[in-house]
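The values are calculated or read from the model by the stated rules, or taken from the named source; none is laboratory data. Bear in mind that the values here come from a model prediction, so they are computed numbers and not experimental data. For neighbour counting, all protein chains shown are included, and Cβ atoms are generated from backbone atoms with ideal geometry for every residue, glycine included. The accessibility values were calculated without ligands, DNA or RNA, using every heavy atom of the protein model including side chains. Shrake-Rupley method; radii C 1.70, N 1.55, O 1.52, S 1.80 Å.
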Amino acid sequence: MKQLLLSVALATLALGASAQQKLVPAQSDIAFTSKQMGVPVDGKFKKFDAQIAFDPKKPDTAKIAFTVDLASVTFGSSETEAEVAKPDWFNTKAFPQATFQSTTVKATGPGKYEVAGKLTIKGASQNITVPVALAQAGGTTTATGGFVLKRLDFKIGDGDWKDTSMVANDVQVKLKFALTGVAPL
């Protein structure tokens, strides 16, 4: 009996593991646009990872998590990148990563989903909802989505930078995750 229970447990784990998708970093992107004195400023993160277990036919069972290395931010300006590492911005020494953990995933239409979860940056957590569209080509599924982040909710741009006439509070975040191992839509 004990051996039967162990076999069932191992089989269940193996089935769960097969639902795990793999991120293709070279085809994935986390980018954002903020506004400084009304002028759009684009940035992106070069290092991030995602752990995704998703079956398009059973989205309510999905588990989606990702981590972002905040020190990997790039604006194309070494001065700006050095500034955002400081405590008033990302404070990368004390808070090296931002994290997201899904709480619910639901279908909203063919190939479209709504992913809700908790985003944590600089020790501050907020619930967010991200509309996501899936497209499949060959063995790769591309998930694209975006949301507006309120930077002051996460103490990004603290101190003298709280003035939203200098740096807007709204930051448009765009996600593109290329994945292998997703079942056909």
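Structure summary
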read-out: Unmet requirement for F177, which otherwise passes all of (1) open to solvent by 30 Å² or more (accessible area, probe 1.4 Å); (2) more than 19 Å from D88 (Cβ to Cβ); (3) among the aromatic types (F, W, Y); value: (1)
read-out: Selection status of A124, touching a helix residue (DSSP H, G or I) at 6+ places or on another chain (Cβ under 6 Å), within 28 Å of M37 (Cβ to Cβ) and among the hydrophobic types (A, V, I, L, M, F, W, C); value: yes
read-out: Hits in the stretch 30-54 (condition: closer than 24 Å to L185 by Cβ and either crowded, with 18+ Cβ neighbours inside 10 Å or basic (K, R) (or both)); value: I30, A50, I52, F54
read-out: All positions within the stretch 105-132 that are out of contact with any Leu (no Cβ under 8 Å at 6 or more places or on another chain), small (G, A, S) and either in contact (Cβ under 8 Å) with a residue 60 or more places away in the chain or exposed (fewer than 15 other Cβ atoms within 10 Å of the Cβ) (or both); value: A107, G109, A116, G123, A124
read-out: Among the candidates A178, A85, residue that is under 24 Å from P59 (Cα atoms) and small (G, A, S); value: A178
read-out: Output for the stretch 55-69, where each listed residue is open to solvent by less than 20 Å² (accessible area, probe 1.4 Å) and at pLDDT below 95; value: P56
read-out: Filter result (under 19 Å from the mean Cα position of the chain (by Cα), of a type in the set (D, E, K, R) and open to solvent by 20 Å² or more (accessible area, probe 1.4 Å)) within the stretch 135-174; value: K150, D153, K155, D170, K174
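Results for (1) in contact with a Gly (Cβ under 8 Å, 6 or more places away or on another chain); (2) closer than 19 Å to V173 by Cα; (3) not basic (K, R), shown as yes or no for each residue.
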| residue | (1), (2), (3) |
| --- | --- |
| D88 | yes, no, yes |
| P96 | no, yes, yes |
| F100 | yes, yes, yes |
| A107 | no, no, yes |
| K122 | no, yes, no |
